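Colleague: First the structure, which I've put down as structure tokens, then a few questions once you've had a look.
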Amino acid sequence: MAWLLATSRLLAASTSTLTRERFVAGLRADGLSVDGPRISRLESGTQRASLAVLQAYETHTGLGRGVLGAVDSLLSRACGDKPAFLAHLDSAQHDLDWLLERVSAGEADASDWLSLTAGMTGYERIYVHTSTWAELTKHLLGELTR
């Protein structure tokens, strides 16, 4: 994940000409508490990136929403760790209705799917109406086969 953060920052058209200090200033302007040494730790793999950091990298490098979060999730599961997006279950659970509406409308992006996953795995059990379950499954299979 660290390599992906570093190469995304260094090679993206929107950030490749920025110094690390200017990149840090952009992240700070978004409300993140970061500095040069923290970016170094994130990009060397000595510190794990939070969901907010992953989303900020996506925004500043021009990557699609949820791209880095999806990679983080894949790598975390492969290593037996908890993905960064699961750290925010409360907000994901609060937005389940909104997320299900986005899925139903065909508007869900990768970030929405991760948030929906976080919300639905935050409970031991969850009730979903049969028609909603069928529609959700149809959209999920559509995403998986794209």
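Any read-out appearing in this document is the output of simple, stated calculations on the displayed coordinates, not a laboratory observation. Source: prediction; values computed, not measured. Positions of Cβ are backbone-derived with ideal geometry, glycine not excepted, and every protein chain shown enters the neighbour counts.
Colleague: Could you state the principal axis extents of the C-alpha atoms in the chain, from the largest down, to the nearest angstrom?
Modeller: 52, 28, 27
Colleague: Among LEU32, LEU99, what is the fewest-to-most ranking by other Cβ atoms within 10 Å?
Modeller: Values: LEU32 16, LEU99 24.
By the 10 Å Cβ count, ascending, the order reads LEU32, LEU99.
Colleague: Mind checking the angle between helix 51-61 and the chain's longest principal axis? C-alpha axes, 0 to 90 degrees, to the nearest 10.
Modeller: 70
Colleague: Based solely on its DSSP helices, what 222 nm [θ] is calculated for the chain when runs of n ≥ 4 H residues each add -39,500 (n - 2.57) and the sum is averaged over all residues, nearest 500 deg cm²/dmol?
Modeller: Numbers: 9 runs with 95 residues, N = 146.
After summing the helix terms and dividing by the residues of the chain, the value is -19500 deg cm²/dmol.
Colleague: So what's the net charge close to SER44: Lys and Arg +1, Asp and Glu -1, counting the other residues with Cβ under 14 Å from its Cβ? Show your work: numbers first, answer last.
Modeller: Details: positive: ARG9, ARG20, ARG38, ARG41, ARG48; negative: GLU43.
Cβ neighbours under 14 Å give a net charge of +4.
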